[in-house]
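For reference, the structure is listed below as structure tokens.
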Amino acid sequence: KNLRKNYPITIYFTLLIIIIFFINKISKPFLEQSKFEKRQIPDFIEKVYGKENFKDYKKVLQEQGMPFRYEKFVEFVEQERLGDFTIVSSMGNRCNENDNSKCFLPNGGKDEIWIFGGSTVFGYGVKNNETISAYLEKILNNEFNVINFGTAFYWSTQERILLNNLLTKYEKPSKIIIINGINEFAKFYKYDETAISQRIRDNINKSSKSRLLDYFYERINRLNFVKLINQKLFKKENKKQKLINNDEIDQTVNLYLKNQKIIRGISKEFEINLTQILQPAPIYEDSYASSNIPEDFKWYSSKDLNYQKVKAGYKKYLSKISDDVLDLSKFKITEPMYIDGVHYSPQFNFKIAEKISKIILE
């Protein structure tokens, strides 16, 4: 009573915090899990990777759930980290071994291959030694250091800029491999921007007061009971089907073709062997036939806007594709190909690496 009498505001504020805490805890089980969250649950990991591999791949997924770090010109790169199965250097390239003592920074030169791409090239969902670059290095009998510059959300413009930056810092490599396609079209942002361009632009234009308000707004929206309210009240609105913008698809295809042409010009000027690849995409009815992924991860839905964009984009791009580009869009194997909606299994990475090695060894 004395506390309530002498410090009423403090008492009521403390009670409010305690009530919010318990409401937040109670709300958690009622939330719909995102696909990212579902990947962390035991049932998903056991189904996709096998029960015997549960501990390893649980750690893989934990190690890869990290924010990006800023990098000049390209806006962001993979965060440097030293995990058991995910090792990324200060330059943003991923190691090809699960042993940091066997990891290399880029250096350039005739014994080096640089490989660029998005999260499939980085190897989301697989270990260091199960990526395309790791398998390629082994298939080539370790005659080359294959440097993996794959970064989540990267597409051809960022890859082109990153290549330019690297060539100003290091000696040219023997070969360059660029694997992309899906990220060209599966965008939730403008076709000619990166995944964080809008955030950077907003941050520059905001006052200190606005940034502080945004900080608190973001924290409030992360609360479980706030998420639950949003899901229940705005669920129908969020699930409205959106249609693709054909003009934007045309612009994206043209930009993709120009970026590839510029990269060919750079490689010719620097006398670097170049392999450009249109990556396999799960846009066909049998894309998941051999994969052990839950049904709600499969991507062949006409209601999924990104699926529509990639399917329409690939169709238009394939009608204009250069003869210099290796088309792996329909490449399939009988073993599991995907470990979620778009990311490749270790077996698929190995087969893609085999395909690339044949071109390099010709």
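Among the candidates 101, 90, single out the residue that is touching a Leu at 6+ places or on another chain (Cβ under 8 Å) and open to solvent by 10 Å² or more (accessible area, probe 1.4 Å). Matching residue, one of 101, 90: 90. Taking the criterion of being touching a strand residue (DSSP E or B) at 6+ places or on another chain (Cβ under 9 Å), open to solvent by less than 10 Å² (accessible area, probe 1.4 Å), assigned to a helix (DSSP H, G or I) and aromatic (Phe, Trp, Tyr), would at least one residue in region 311-332 satisfy it? Taking every residue of region 311-332 in turn, at least one turns out to be touching a strand residue (DSSP E or B) at 6+ places or on another chain (Cβ under 9 Å), open to solvent by less than 10 Å² (accessible area, probe 1.4 Å), assigned to a helix (DSSP H, G or I) and aromatic (Phe, Trp, Tyr). Considering region 156-194, the residues that are without any contact (Cβ under 8 Å) to a residue 60 or more places away in the chain and in a loop (DSSP other than H, G, I, E, B) include one that is surrounded by the most Cβ atoms within 10 Å (Cβ to Cβ), namely 193.
Identify the residue in region 195-209 that is of a type in the set (A, V, I, L, M, F, W, C) and part of a helix (DSSP H, G or I) and, among all such residues, is farthest from residue 132 (Cα to Cα). So the residue we want is 204.
Scan region 70-80 and give yes if some residue there is at pLDDT 95 or above, more than 23 Å from residue 186 (Cα to Cα) and in a loop (DSSP other than H, G, I, E, B), otherwise no. Checking region 70-80: at least one residue is at pLDDT 95 or above, more than 23 Å from residue 186 (Cα to Cα) and in a loop (DSSP other than H, G, I, E, B).
Of all the listed residues (242, 303), the sole one being modelled with pLDDT under 90, assigned to a loop (DSSP other than H, G, I, E, B) and either within 22 Å of the chain's Cα centre (by Cα) or of a type in the set (Gly, Ala, Ser) (or both) is 303. When region 59-69 is limited to residues that are assigned to a loop (DSSP other than H, G, I, E, B) and open to solvent by less than 60 Å² (accessible area, probe 1.4 Å), the one that is modelled with the highest pLDDT turns out to be 64.
Within region 90-137, the set of residues being of a type in the set (D, E, K, R) and free of Cβ contacts under 8 Å to residues at least 24 places away in the same chain comprises 99, 102.
Pairs linking a residue in region 266-285 that is more than 17 Å from residue 166 (Cα to Cα) to a residue that is of a type in the set (Asp, Glu) and open to solvent by 10 Å² or more (accessible area, probe 1.4 Å), with Cβ atoms under 7 Å and 6 or more positions apart or on different chains, are 276/324; 278/327.
Residue pairs whose Cβ atoms lie under 7 Å apart, separated by 6 or more positions or on different chains, with the first residue in region 210-237 and within 14 Å of residue 23 (Cβ to Cβ) and the second at pLDDT 75 or above and surrounded by 10 or more Cβ atoms within 10 Å (Cβ to Cβ), are 223/24; 224/24; 225/23; 225/24. Scanning region 195-209 for residues that are of a type in the set (A, V, I, L, M, F, W, C) and without any contact (Cβ under 8 Å) to a residue 40 or more places away in the chain yields a single hit, 204.
The values are calculated or read from the model by the stated rules, or taken from the named source; none is laboratory data. Keep in mind that this is a model prediction, so the values were computed, not measured. Cβ coordinates were reconstructed from backbone atoms using ideal geometry, including for glycine residues, and neighbour counts include every protein chain displayed. Remember, those area values only see protein heavy atoms, side chains included, never the ligands or the DNA or RNA. Shrake-Rupley method; radii C 1.70, N 1.55, O 1.52, S 1.80 Å.
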